[in-house]
Amino acid sequence: MMGWVAGLLVCAGTILLYMAAPTQKLAAKPLARPGLVAGWLALLLALAPLLAIMGPATAVFTWMTGAMLVWSFAPLAVAWWRGPPKGKR
């Protein structure tokens, strides 16, 4: 159960950090500073349950791999969801 909580927090934190980036395409404009702070807070909170169920090295590796996975696929998923640009249909 704690693994699922950590996974959801990692996903939420990385999506919030993605939405705070100036080049994000999910929202009309990037989230302000509170979105950035909430994203980092969610990522840090995700590390706590991982440390409780794994060793420290494994927990940090899992945490970083989960964040990289979401950061890699979030822009692709947003581009697929939005479809091709208006001039290229």
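Rule-based calculations on the coordinates, nothing more; no lab input. Note that this is a predicted model, so its numbers are computed, not measured. Here the Cβ positions follow ideal geometry from the backbone for every residue, glycine too, while neighbour counts run over all protein chains shown.
Quick one: which of Pro30, Pro34 is surrounded by fewer than 17 Cβ atoms within 10 Å (Cβ to Cβ) and not in a helix (DSSP H, G or I)?
On inspection, the qualifying residue turns out to be Pro30.
Being in contact (Cβ under 8 Å) with a residue 12 or more places away in the chain and within 30 Å of Pro85 (Cα to Cα) narrows it down to one of Gly13, Gly3, so name that one.
When all the criteria are applied, what remains is Gly13.
Any idea how many residues of segment 46-72 are under 14 Å from Ala12 (Cα atoms) and over 13 Å from the mean Cα position of the chain (by Cα)?
Residues that pass the stated criteria total 1.
Does segment 42-58 contain at least one residue that is over 25 Å from Trp4 (Cα atoms) and assigned to a loop (DSSP other than H, G, I, E, B)?
no
Tell me whether segment 29-44 contains one or more residues that are under 22 Å from Gly83 (Cα atoms), among the small types (Gly, Ala, Ser) and free of Cβ contacts under 8 Å to residues at least 24 places away in the same chain.
The answer is no; no qualifying residue exists.
Looking only at segment 65-89, count every residue that is of a type outside the set (Val, Ile, Thr) and free of Cβ contacts under 8 Å to residues at least 12 places away in the same chain and tell me the total.
Summing the residues that are of a type outside the set (Val, Ile, Thr) and free of Cβ contacts under 8 Å to residues at least 12 places away in the same chain in segment 65-89 gives 15.
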